[in-house]
Amino acid sequence: MKISSKLLSAMLAAGLLCAASPMAAQAADNDLKWWQKTCVYQIYPKSFADTTGSGVGDLRGIIEHLDHIKSIGCGAIWLTPVYPSPMVDNGYDIANYTDIDPSYGTMADFENLAAEAKKRDIRLVMDLVFNHSSDKHEWFKESQKSRTNPKADWYIWRDAKENGEPPTNWRSIFGGSAWSYSKERGQYYLHTFAKEQPDLNWENPEVRHALYEAARFWLDKGVGGFRIDAITYIKKPAEFVDGKPDGEDGLSGIHGLTANTPGILDFLHEFKQEVFANGDIFTVGEANGVSPSDLPKWVGKDGVFDMVFEFSHMNLPLKKGEVWCRPTEWKLSELKAAITSSQKATQDNGWCPVFFENHDQPRAVNHFFPAGADTKKAAKAIAAVLYTMRGTPFVYEGQELGMTNVAFPSIDDYNDISSHGQYKNALTEGFSPQKALDFVHFFSRDNARTPMQWTNGANAGFTTGKPWLPVNPNYPNVNAALESADKNSVLSFYRDLGKLRRQRKELVFGSYEELLPADEQIFAFARRYQNKALVTAVNFSLQPAPLPKSIYGGKLIFASQKNSDQDTLLPLEARVYEETGR
């Protein structure tokens, strides 16, 4: 029976239907916005495409590959920071919030990129880094001059302890004390990340409104949204006190002491009202430490963002409670439970970004699958979940090719400041040099930052010069040119999934229902919409997996491998069924 939207609203008002029912959720989904109906492609510009021979990617390189991005069904591009920066943290240390770094091009190049993207119905999404700036930003230069400077209170300054030590024993995210001393001012300043990234003082309304003005600058340029970096750290405790030491260095990790401090949502509601509320854009916050149960406070009608990246499903391989962790065994049921928790929390009020990679994470084929897995099959398996899950899929550059982690032979080959901190602190924790390097091999952010692999030519077609970071040696067999010509490639699989997503309303508008929650081999779920349903089933293991008839009894419409055995999934096989008989 079909019910009109007006009748449905009346029934809800009268209490004749539960607002959490699938029917109610589907009716609300009829009003989905543009960013809920497309996919987002994340670009790390430094590693995407270089047109000048400098060895560093640039905005013109992105323009040259817009059709590639469109071909996998993406209608938005998230650019990691392209602002002027000393590049201590590869652009996440910003020296000017309203300009383009010369290594990437000019403002005219940015405007041309936006115009060319618009021709293809693609919108640009900017990365806002508002917890901290670069120490080369004019604001910080002024702030450290004196305690009476007009910008003296724009950053977080404290006197040393009576014994001369830093104000607290907090350890920064990148290792070492979270405090650095300024001789010029005679005080310590706080930095959640590197010492070159001083934290802004959000308690100062002048700071907040200067940041809001910077965001509005990009709205005036016509951008389609914002990803907001490290936002959970902007609110600091009322009192700065030592934490319990949790490592050999005697320091205490800053994340557990400052992330998601009460009162943070007050700042963010103001941010929303001042910048986000009136535009046809979307916002997604990086909310490390926000649990699925807290999502209703962060997203939806009464929240502050349209979506948040929460990392419960990404952090499963880590041993909780250890400062330096090695990859451990984890259960597929735990991954499914984490994803389902986020889905349930936003099913009736809010929306999810669906992601398995980004610029800070290892490659998905190495992260989510056992050692020895066929990476091509694994890449297709994770893609099937990514494109058929409820929410907005986020594809990280190279993910659509099945790009993998890289194991450089020396720590000196790694560029990432975090990787060098990991290596140093792993040695402090008693790891041998080789074990410390093995740790970096798995966790380094450079795994995701090796240059994009376009061809089997020199430097994978990324640059005619010397690339800023070595290219993954597997580029002759993993590259866009090769995969474009192969109908069985990972890239072709992404393109086919993009078509399927556009053709089947269940994959955009449908509700989410987890199936086989206790199964440790198969990740299965249904997407239901208007009396129709599609069922995704993916074998995450390296062994054949029995498939219940309740799933394979439907019509097979999509598969990653050829398999005549309908009641068994091959290792790393993915299938999508059209449910019948309901």
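The values are calculated or read from the model by the stated rules, or taken from the named source; none is laboratory data. Just so it is clear, the model here is predicted, and its values are computed rather than measured. With ideal geometry, Cβ positions are generated from the backbone for all residues, glycine too; neighbour counts draw on all protein chains shown. Side chains are part of the model used for accessible areas, which takes the heavy atoms of the whole protein and leaves out ligands, DNA and RNA. Shrake-Rupley method; radii C 1.70, N 1.55, O 1.52, S 1.80 Å.
A few points about this structure:
- Sum of side-chain charges, His313 neighbourhood, beta-carbon under 10 Å (Lys, Arg +1; Asp, Glu -1): -1
- Every helix of 4 or more DSSP H residues in the chain counts as -39500 (n - 2.57), and over all residues that averages to -7500 deg cm²/dmol at 222 nm.
- Packing order of peptides 108-116, 124-132, highest average first: 124-132, 108-116 (average count of other Cβ atoms within 10 Å over each peptide's residues).
- Modelled FRET efficiency - R0 25 Å, Lys37 with Ser291, Cβ distances, 0.05 increments: 0.35
- Each peptide among 463-472, 90-99, 377-386 gets the average number of other Cβ atoms lying within 10 Å of its residues, and from highest to lowest they stand as 377-386, 90-99, 463-472.
- Antiparallel beta bridges, as assigned by DSSP with both residues in region 86-232, represent about 70 percent of the total such bridges.
- For the chain, the carbon plus sulfur part of the accessible surface works out to 50%, probe radius 1.4 Å.
- Hydrodynamic radius of region 345-502 per Kirkwood, over alpha carbon pairs, in Å: 16.9
- In order along region 521-534, the phi-based Karplus estimate (6.51 cos²θ - 1.76 cosθ + 1.60, θ = phi - 60°) of 3J(HN,Hα) comes to 10, 10, 9, 9, 7, 10, 10, 10, 7, 6, 6, 10, 8, 10 Hz; Gly and Pro are listed as x.
- The gain in end-to-end length when the Ala518 to Leu542 segment is fully stretched comes to 6.9 nm, 0.36 nm per residue minus the alpha carbon separation.
- Extension gain for the segment Lys244 to Glu429, taken as residue separation times 0.36 nm less the Cα-Cα distance, is 64.9 nm to one decimal.
- Spin-label pair Asn474/Ser333, simplified geometry with 7 Å Cα→Cβ offset, distance in nm: 3.1
- Pair Tyr181, Arg502: separation of 7 Å Cα→Cβ label points (nm): 6.1
- Taking N as its residue count, the alpha carbon Rg of region 353-438 over 2.2 N^0.38 Å: 1.28
- Förster radius 25 Å - calculated FRET efficiency between Asp220 and Arg120, Cβ distance, rounded to 0.05: 0.70
- Mean separation of Cα contacts under 8 Å (6+ apart) over length of the chain, as relative contact order %: 13
- In the context of the full set of protein chains, residues of the chain present 40 Å² of accessible surface per residue (probe radius 1.4 Å, heavy atoms only).
- Distance violations [Cα-Cα > 29 Å] among Lys151/Lys236; Lys145/Lys221; Lys236/Lys301: Lys145/Lys221
- Set of lysines with alpha-carbon distance to Lys37 below 16 Å, sequence-local pairs under 8 removed: Lys70, Lys499, Lys505
- Calculated diffusion of the chain, Stokes-Einstein form, Kirkwood radius summed over Cα pairs, 10 °C and 1.306 mPa s, µm²/s: 63
- Under the shape rule built on the C-alpha gyration tensor, where the axes satisfy a ≥ b ≥ c, region 417-563 is oblate, since a/c reaches at least 1.5 while a/b does not exceed b/c.
- Each part gets one Cα centre, and for region 442-505 versus region 381-440 those centres are 16 Å apart.
- FRET efficiency estimate (nearest 0.05) - Cβ-Cβ, Asp413 to Gln530, R0 60 angstrom: 0.65
- Between Gln187 and Ser182, the built amide H atoms are under 5 Å apart, and every one of these is 5 or more places off in sequence or on another chain.
- On full extension, the segment bounded by Lys555 and Ala485 gains 22.3 nm, given 0.36 nm per residue less the C-alpha separation.
- Taking amide hydrogens as placed 1.01 Å from N in the peptide plane, the amide H of Gln42 sits under 5 Å from those of Trp78, Val395, Tyr396, Glu397, each at least 5 positions away in sequence or on another chain.
- DSSP beta bridges fully contained in the chain are about 55 percent antiparallel.
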